[in-house]
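The values are calculated or read from the model by the stated rules, or taken from the named source; none is laboratory data. For clarity, every value in this text was computed on a predicted model and none was experimentally measured. Neighbour counts are summed over all protein chains in view; Cβ atoms, including those assigned to glycine, are modelled from backbone coordinates with ideal geometry.
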Amino acid sequence: MFFVAFVVKLTPMPNSIQRFRANLQDEIDGAALYTALSRCERDPTRQDLFVQLAQAENEHADVWRDRLMAAGISDFPLKPSTKTRLLIQLVHYFGPAFVLPVVAANEFADCNKYAGQSDAQRMSAEEHGHAAVIRAAAGENGPVDGPGIAGAERWHRGGSGNELRAAVLGVNDGLVSNFCLVMGVAGAGAASATVLLTGMAGLVAGALSMALGEWLSVTNSRELARTQIDKEAEELEQTPEAEKKELALIYQAKGIEREQAWLIASKVMENRDTALETLVREELGIDPAELGGNPWSAAGVSLLLFALGAIFPVLPFLWLDNAQAVVASIVSSLIGLGVVGMVTSLFNGRSFGYSALRQIVFGGVAAAITFWVGRLFGAAIA
């Protein structure tokens, strides 16, 4: 009787086994990702930081692996997930700075994953620490020592997960808008050649519109940034003590002690160029080296990304006609939406399947609405 109760107490329940497996997979993913970041990072300090984080994640993985083995489970995760492998490829191709903001966001979202697990309280505290460390490395909490501030901010902004997010959204805009346009014209009963012409016109018009909008946005941002920098330079020239006080208060707001904040501000203000650059970064949030980027490259990238998404619904009409072309266009577009959804899962914390299905459903519903609107208007005009 006591032996049975003892065995029941020590044998993990099925939901515990599932939890152990999920935790192990998360830790394997984290260790693999931080290992990749450490191998690609050129800065020795950050490289050592990533190595330590990878070691910590491997230690956590050993805990969950041992618990599974103690429960007699041998079929547990051994390799990184598909999402993590994709992120690792992005690290290799674009560098740590491109992916780090996504990693920081994911760490922050997952920092409470052990909060409700009574057998993982130590790891819960460590995960909170990891989230804080990686957010600081990504520049979200600001650096804590003098001249390193400008360098750290440049490292953070030079490549950002926001670029990946913007790229995916650009492709999605082209895909959804042209998918809806093509389905609306097809629903009205137009000939395949007319649908193809309309789709290509929508692609070109949309891509040029996006490019022009991006060019205007970046150009206006650069002009505004230059105006703000000139004003900051004038204030620095006329009231240097007031600017030093502002800088010290900014550092205090970031958590630096008052005395240290004033020491850092005084050191920065010794060189006028360094002072201006630091004030522009810290007070205005502007990178003087970039000023928001190149408007022409931004316009070109927007044009290509929109066109890449918009071509999916159009391609089938190049070699198919009538209903076959419409069906093929729907299939092609839904596949494209699924791929976009899978990529968005890299920075929204959701699974591949959920993100892909959500994208397909919303895009499909929008296209169905325009199809039936086209069908109604087509019948009314006829």
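Figures for the structure shown
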item: Given (1) within 24 Å of Ile369 (Cβ to Cβ); (2) modelled with pLDDT of 90 or more; (3) surrounded by 15 or more Cβ atoms within 10 Å (Cβ to Cβ), number of the condition Ala201 does not satisfy; result: (3)
item: Filter result for the condition that a residue is in contact with an Asp or Glu (Cβ under 7 Å, 6 or more places away or on another chain) and part of a helix (DSSP H, G or I), over Gly336, Gly374, Gly378, Gly309; result: Gly309
item: Residue within the range 350-361 that is more than 20 Å from the chain's Cα centre (by Cα), touching a residue at least 60 places away in the same chain (Cβ under 8 Å) and within 24 Å of Ala205 (Cβ to Cβ) present; result: no
item: Filter result for the condition that a residue is surrounded by 15 or more Cβ atoms within 10 Å (Cβ to Cβ) and either assigned by TED's automatic domain parsing to the domain that holds Ser221 or assigned to a helix (DSSP H, G or I) (or both), over Ala323, Ala367; result: Ala367
item: Candidates Glu223, Glu277, Glu235, Glu282 - the one that is over 24 Å from the mean Cα position of the chain (by Cα) and buried (at least 20 other Cβ atoms within 10 Å of the Cβ); result: Glu277
item: Filter result (closer than 16 Å to Gly285 by Cβ and in contact (Cβ under 8 Å) with a residue 40 or more places away in the chain) within the range 252-269; result: Lys254
item: Residue match in the range 321-328 (condition: in contact with a Ser or Thr (Cβ under 8 Å, 6 or more places away or on another chain), hydrophobic (A, V, I, L, M, F, W, C) and within 13 Å of Met183 (Cβ to Cβ)); result: yes
item: Entirely in the range 43-117, the helices (runs of 4 or more DSSP H) that have 1 or more residues that are in contact with a Lys or Arg (Cβ under 6 Å, 6 or more places away or on another chain); result: 96-110
item: Any pair with Cβ under 8 angstrom, 6 or more apart, that starts in the range 183-208 at a residue that is assigned by TED's automatic domain parsing to the domain that holds Leu320 and ends at one that is in a loop (DSSP other than H, G, I, E, B); result: Gly189/Ala382; Ser192/Leu320; Ser192/Asp321; Thr198/Ala190
